[in-house]
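Student: Please see the structure below; I have some questions.
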Amino acid sequence: SKDNGRNCYSFYFDELETDSNRVLTLDSELRKAIENREFTLAYQPKISTEKNEIVGIEALVRWNSEKLGFVSPAEFIEHAEESGLIIPLSELIFELACEGYHQLVSAGYPNVPIAVNVSSIHFQQQSFLDSVQTILERNNTSAQSFEIEVTERTVMNSAQETVSKLVKLRQLGFKLSIDDFGTGYSSLSYLVRFPLDVLKIDRSFIQHICSLDDKQAIVDAIIQMAHRLKMKVVAEGVETSQQVELLKSMGCDYIQGYYYSKPLPMEELIDFFHFWEVE
Ligand code: C2E
Ligand code: CA
Ligand code: CA
Ligand code: CA
């Protein structure tokens with residue numbers, strides 16, 4: 001709700017103002033937390049509009065710090081990007097996603113790809129491909145079990161290098177998604193240059209899709225364009241049945257959002273899978 005949002009917002013700023021050491025604390029706590037592997041992943045399912053099936057899950061990092069309490073990924077990821085800690089953190093997130101994959105296999109769901117968010121800083125590292133491959137091998141997993149989510153920001157950086165990296169990732173077997181589509185330098189035409197499988201429409205477009213005609217027109221256009229480019233479309237942050245119905249009528253392929261499920265710890269996700277099967 002609106003009130004909630006406002007409270008969260010002011011809380012965040014109050015904290016920043018009253019605790020000017022927060023950045024320093026965050027930095028040292030983050031360092032320790034990476035060493036001690038104090039992170040977990042929460043997984044959010046994606047549902048196909050056509051068959052009402054679970055088609056994949058997105059891994060979202062969670063940090064419950066002993067000293068700072070729950071810190072939102074938006075805050076600590078940004079900080080980690082500025083301090084360089086994003087590299088070891090990203091590698092840890094990939095490791096955890098591999099563990100998640102093995103848990104899914106054990107539960108009887110070997111064919112559900114796990115989407116991992118990749119920071120542009122990590123992606124741009126020369127060693128990115130090697131480091132990802134090493135992690136997959138060490139954990140007995142293969143690229144086919146994963147999807148990589150990059151943002152517009154990543155894709156727009158030094159385009160030629162980016163294209164060749166994406167091509168290599170795809171050759172390895174990864175599926176590639178462009179995340180938060182529409183929020184950045186959203187020129188639809190540049191998409192043609194990138195070998196992408198999935199386009200994720202940002203929540204900011206989905207939020208008012210039922211009340212604002214211009215948002216509807218934009219989402220409709222994005223879906224048509226993505227399909228012309230042979231990409232599948234995920235709508236992010238879907239919260240109501242009206243949104244689901246509207247997106248279905250527009251031909252959106254997959255839905256992700258609280259309407260179906262919040263991001264869940266692996267055990268709860270597996271319960272969700274069981275529940276979904278018997279429904
Ligand atoms: P994102 O990749 O766009 O992830 C979607 C965010 O929207 C998640 O927030 C998710 O919990 C939230 N969400 C999903 N459905 C709904 C809904 O129906 N309504 C609302 N209001 N929110 C919904 P979260 O987990 O707090 O993550 C925020 C951002 O932090 C992510 O945005 C991503 O940019 C970054 N992030 C999270 N985990 C990772 C990670 O493992 N690696 C990297 N590099 N970034 C991450
Ligand atoms: Ca994402
Ligand atoms: Ca997103
Ligand atoms: Ca987002």
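The values are calculated or read from the model by the stated rules, or taken from the named source; none is laboratory data. Being a predicted model, the structure only gives us computed values, none of them experimental. All Cβ positions, glycine included, derive from the backbone under ideal geometry; neighbour counts span all protein chains shown.
Conditions (1) within 19 Å of I57 (Cβ to Cβ); (2) touching a His at 6+ places or on another chain (Cβ under 7 Å); (3) not in a helix (DSSP H, G or I), marked per residue:
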site	(1), (2), (3)
A221	no, no, no
K230	no, no, yes
E245	no, no, no
K248	no, no, no
C252	yes, no, yes
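Student: Could you pull out the residue among G184, G237 that is within 16 Å of ligand 1 (Cβ to nearest atom), out of contact with any Leu (no Cβ under 8 Å at 6 or more places or on another chain) and under 24 Å from K165 (Cβ atoms)? Outline the logic, then answer.
Tutor: On the way: G237 fails: under 24 Å from K165 (Cβ atoms).
Going through G184, G237 in turn, the sole match is G184.
Student: Just one of Q256, Q224 is farther than 27 Å from F123 by Cβ and not basic (K, R); which is it? Please lay out each step first, then the result.
Tutor: Numbers: Q256 fails: farther than 27 Å from F123 by Cβ.
Just one listed residue meets the conditions, Q224.
Student: Further, regarding this structure: Between D179, D197, which is within 19 Å of I114 (Cα to Cα), in contact (Cβ under 8 Å) with a residue 60 or more places away in the chain and acidic (D, E)?
Tutor: Sole residue among the options that is within 19 Å of I114 (Cα to Cα), in contact (Cβ under 8 Å) with a residue 60 or more places away in the chain and acidic (D, E): D179.
Student: If you don't mind, there's one more thing I want to ask. Suppose we filter T134, T154, T183, T162 for residues that are surrounded by fewer than 16 Cβ atoms within 10 Å (Cβ to Cβ) and either under 24 Å from E82 (Cα atoms) or within 16 Å of ligand 4 (Cβ to nearest atom) (or both); which single one remains? It would help to see each step written out before you state the result.
Tutor: Values: T134 fails: either under 24 Å from E82 (Cα atoms) or within 16 Å of ligand 4 (Cβ to nearest atom) (or both); T154 fails: surrounded by fewer than 16 Cβ atoms within 10 Å (Cβ to Cβ); T162 fails: surrounded by fewer than 16 Cβ atoms within 10 Å (Cβ to Cβ).
Criteria check complete, one pass: T183.
Student: Which condition from (1) within 16 Å of ligand 2 (Cβ to nearest atom); (2) in a helix (DSSP H, G or I); (3) at pLDDT below 90 is the one that L191 breaks?
Tutor: (1)
Student: For the list (1) within 16 Å of ligand 1 (Cβ to nearest atom); (2) at pLDDT 95 or above; (3) out of contact with any Phe, Trp or Tyr (no Cβ under 7 Å at 6 or more places or on another chain); (4) farther than 30 Å from G108 by Cβ, I need the number of the one condition that I223 fails.
Tutor: I223 satisfies all of (1) within 16 Å of ligand 1 (Cβ to nearest atom); (2) at pLDDT 95 or above; (3) out of contact with any Phe, Trp or Tyr (no Cβ under 7 Å at 6 or more places or on another chain); (4) farther than 30 Å from G108 by Cβ except (1).
Student: Let me ask another. Give the residues of segment 192-217 that are away from ligand 3 (no atom under 16 Å from the Cβ), out of contact with any Ser or Thr (no Cβ under 8 Å at 6 or more places or on another chain) and hydrophobic (A, V, I, L, M, F, W, C), sorted by residue number.
Tutor: First, pick out the residues of segment 192-217 that are away from ligand 3 (no atom under 16 Å from the Cβ): 192-195, 208, 210-217.
Then drop every residue that is not out of contact with any Ser or Thr (no Cβ under 8 Å at 6 or more places or on another chain), which leaves 192-193, 195, 208, 211-217.
Passing the criteria: V192, L212, A217.
Student: Restricted to segment 260-279, and to residues that are part of a loop (DSSP other than H, G, I, E, B) and under 17 Å from the mean Cα position of the chain (by Cα), which residue is nearest to L41 (Cα to Cα)? Show your work before the answer.
Tutor: Looking only at segment 260-279, we keep the residues that are part of a loop (DSSP other than H, G, I, E, B), and these are 260-263, 265, 279.
When the remaining residues are screened for being under 17 Å from the mean Cα position of the chain (by Cα), the result is 260-263, 265.
Numbers: Y260: 18, S261: 15, K262: 12, P263: 9, P265: 7 Å.
Only one residue fits best here, namely P265.
Student: Same structure, new question: Within segment 232-259, can you find the residues that are out of contact with any helix residue (DSSP H, G or I) (no Cβ under 8 Å at 6 or more places or on another chain), crowded, with 17+ Cβ neighbours inside 10 Å and under 28 Å from F194 (Cβ atoms)?
Tutor: V234, D253, Y254, Q256 - these are the residues of segment 232-259 that are out of contact with any helix residue (DSSP H, G or I) (no Cβ under 8 Å at 6 or more places or on another chain), crowded, with 17+ Cβ neighbours inside 10 Å and under 28 Å from F194 (Cβ atoms).
Student: Check S204 against each of (1) surrounded by fewer than 18 Cβ atoms within 10 Å (Cβ to Cβ); (2) more than 16 Å from ligand 2 (Cβ to nearest atom); (3) of a type in the set (S, T, N, Q); (4) assigned to a helix (DSSP H, G or I) and name the one condition it does not meet.
Tutor: (2)
Student: Being within 16 Å of ligand 2 (Cβ to nearest atom) and in contact with a Phe, Trp or Tyr (Cβ under 8 Å, 6 or more places away or on another chain) is the filter here, so list the residues in segment 137-152 that pass it.
Tutor: First pass over segment 137-152, keeping only residues within 16 Å of ligand 2 (Cβ to nearest atom): 146-152.
If the condition is that a residue be within 16 Å of ligand 2 (Cβ to nearest atom) and in contact with a Phe, Trp or Tyr (Cβ under 8 Å, 6 or more places away or on another chain), then F146, E147, I148, V150, E152 are the ones that fit.
Student: Hey, among E66, E75, E91, which residue is at pLDDT 95 or above, more than 30 Å from L246 (Cβ to Cβ), surrounded by fewer than 20 Cβ atoms within 10 Å (Cβ to Cβ) and acidic (D, E)?
Tutor: On the way: E66 fails: at pLDDT 95 or above; E75 fails: at pLDDT 95 or above.
The conditions single out E91.
Student: Inside segment 149-183, can you point out the residues that are assigned to a loop (DSSP other than H, G, I, E, B) and under 16 Å from the mean Cα position of the chain (by Cα)? Walk me through it before giving the result.
Tutor: Of all residues in segment 149-183, those assigned to a loop (DSSP other than H, G, I, E, B) come to 157-158, 173-174, 182-183.
Correct list: F174, G182, T183.
Student: Since L196 meets every condition but one in (1) in contact with a strand residue (DSSP E or B) (Cβ under 6 Å, 6 or more places away or on another chain); (2) not in a loop (DSSP other than H, G, I, E, B), which condition does it not meet?
Tutor: Only one criterion in (1) in contact with a strand residue (DSSP E or B) (Cβ under 6 Å, 6 or more places away or on another chain); (2) not in a loop (DSSP other than H, G, I, E, B) is unmet by L196, namely (2).
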